[in-house]
1. Pairs needed: first member in segment 159-183, on the phi > 0 side of the Ramachandran plot and free of Cβ contacts under 8 Å to residues at least 24 places away in the same chain; second member anywhere, surrounded by fewer than 16 Cβ atoms within 10 Å (Cβ to Cβ) and in a strand (DSSP E or B); C-beta distance under 6 Å; at least 6 residues apart or different chains.
2. What pairs come up if the first residue lies in segment 236-261 and is farther than 20 Å from S102 by Cα, the second is assigned to a helix (DSSP H, G or I), and their beta carbons are under 6 Å apart, counting only those six or more places apart or on different chains?
3. Taking R125 as meeting all but one of (1) modelled with pLDDT of 95 or more; (2) out of contact with any helix residue (DSSP H, G or I) (no Cβ under 6 Å at 6 or more places or on another chain); (3) closer than 23 Å to S253 by Cβ, write down the number of the exception.
4. Six or more apart or on different chains, Cβ under 6 Å: which pairs go from a residue in segment 94-113 that's farther than 15 Å from T48 by Cα to one that's of a type in the set (A, V, I, L, M, F, W, C) and buried (at least 24 other Cβ atoms within 10 Å of the Cβ)? Could you list them?
5. Looking at segment 175-194 only, could you name the residues that are more than 13 Å from the chain's Cα centre (by Cα) and modelled with pLDDT of 95 or more?
6. Quick one: would you say V219 is surrounded by 15 or more Cβ atoms within 10 Å (Cβ to Cβ) and either touching a strand residue (DSSP E or B) at 6+ places or on another chain (Cβ under 9 Å) or modelled with pLDDT under 85 (or both)?
7. Could you tell me how many of the residues in segment 10-34 are surrounded by 15 or more Cβ atoms within 10 Å (Cβ to Cβ), at pLDDT 85 or above and either assigned to a strand (DSSP E or B) or in contact with a Cys (Cβ under 6 Å, 6 or more places away or on another chain) (or both)?
8. Can you say whether C141 is outside any loop (DSSP other than H, G, I, E, B), surrounded by fewer than 24 Cβ atoms within 10 Å (Cβ to Cβ), at negative phi and in contact with a Phe, Trp or Tyr (Cβ under 6 Å, 6 or more places away or on another chain), as far as the supplied structure shows?
Amino acid sequence: MRAQSEAFLQCAGCKKILFSVEFEQNLRVCPHCGHHHRLSAAKRIELTFDLGSFSELDSELRSLDPLAFPDYADKRLGAEQKTKSFDSVTTGLAALEGNQVSVAVADFAFMGGSMGSVAGEKITRTLERAVEQRVPAIIFCASGGARMQEGLLSLMQMAKTTAAVQRCNEFGIPYLAVFTDPTMAGVLASYASVADVIIAEPKALVGFAGARVSKQAQVSKVPDDFQTAEFVMKSGMLDRIVPRKEMRNTLSSLVSMLGGHLYG
């Protein structure tokens, strides 16, 4: 019975039953409604970059528990076991159609992709590495925001990562950000929204305060597509919405175009 159930799954968007094999072949995008299901960092890297080119760095970094926040250690351990990673961001160097890039990929499955001190350090190193290596930086964002269990140490990462983006600007290093579902709060308000080019997957949730927070603040009725990639695209925040099947080719073209002066 278990093997049979694993052969099928339900789309999180339209709720239709899908064949697991076909679903994976379609890059975890529903063939009926086009809903882009979330990807692990490892799967995102596999689908995006040249086969075998990714070299992970900064994997030795570990979060501490500076506030002795209740249950934080247990939650972090559970996330590590679930994702086989020590934090919400995986970083390293990779190649895209032969062009070297500095990469950071967030995984929402690790405590909601929250940005703590380690995630902020990894993002900063990714951008600084791009400057040192003179290669473009690509960051895939997927986060509910700052990690509350680390308090101000987490919020400090907003300024830290944004300063690293500025260093890329000073040295003419291209920085591309990809908003995946969701890209919210402190991540959106820092390094994510100051990239040279910002693209997003269709229907990705993008915003600062979540729907529940907005409701508590008694915000008046909002459009049906509020805080989606399509809504922020109309507002001028995004450069383009890119379906997953086109993501690799789009990023490759951007890297070749914007990084031409680096590779030349």
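The values are calculated or read from the model by the stated rules, or taken from the named source; none is laboratory data. The model shown is predicted, which means the values in this text are computed figures rather than measured ones. Heads up, the Cβs are rebuilt from the backbone with ideal geometry, glycines too, and the neighbour counts pull from every protein chain shown.
1. From residues that are on the phi > 0 side of the Ramachandran plot and free of Cβ contacts under 8 Å to residues at least 24 places away in the same chain, there are no pairs.
2. L238/V232; I241/A229; I241/M233; V242/T250
3. R125 satisfies all of (1) modelled with pLDDT of 95 or more; (2) out of contact with any helix residue (DSSP H, G or I) (no Cβ under 6 Å at 6 or more places or on another chain); (3) closer than 23 Å to S253 by Cβ except (3).
4. Close Cβ pairs (under 6 Å, with a partner that is of a type in the set (A, V, I, L, M, F, W, C) and buried (at least 24 other Cβ atoms within 10 Å of the Cβ)) amount to F108/A142; G113/A106; G113/A142.
5. Passing the criteria: only Y175.
6. Values: surrounded by 15 or more Cβ atoms within 10 Å (Cβ to Cβ): no; either touching a strand residue (DSSP E or B) at 6+ places or on another chain (Cβ under 9 Å) or modelled with pLDDT under 85 (or both): yes.
It is false that V219 is surrounded by 15 or more Cβ atoms within 10 Å (Cβ to Cβ) and either touching a strand residue (DSSP E or B) at 6+ places or on another chain (Cβ under 9 Å) or modelled with pLDDT under 85 (or both).
7. The total comes to 4.
8. Numbers: outside any loop (DSSP other than H, G, I, E, B): yes; surrounded by fewer than 24 Cβ atoms within 10 Å (Cβ to Cβ): no; at negative phi: yes; in contact with a Phe, Trp or Tyr (Cβ under 6 Å, 6 or more places away or on another chain): yes.
For C141, the condition - outside any loop (DSSP other than H, G, I, E, B), surrounded by fewer than 24 Cβ atoms within 10 Å (Cβ to Cβ), at negative phi and in contact with a Phe, Trp or Tyr (Cβ under 6 Å, 6 or more places away or on another chain) - is not met.
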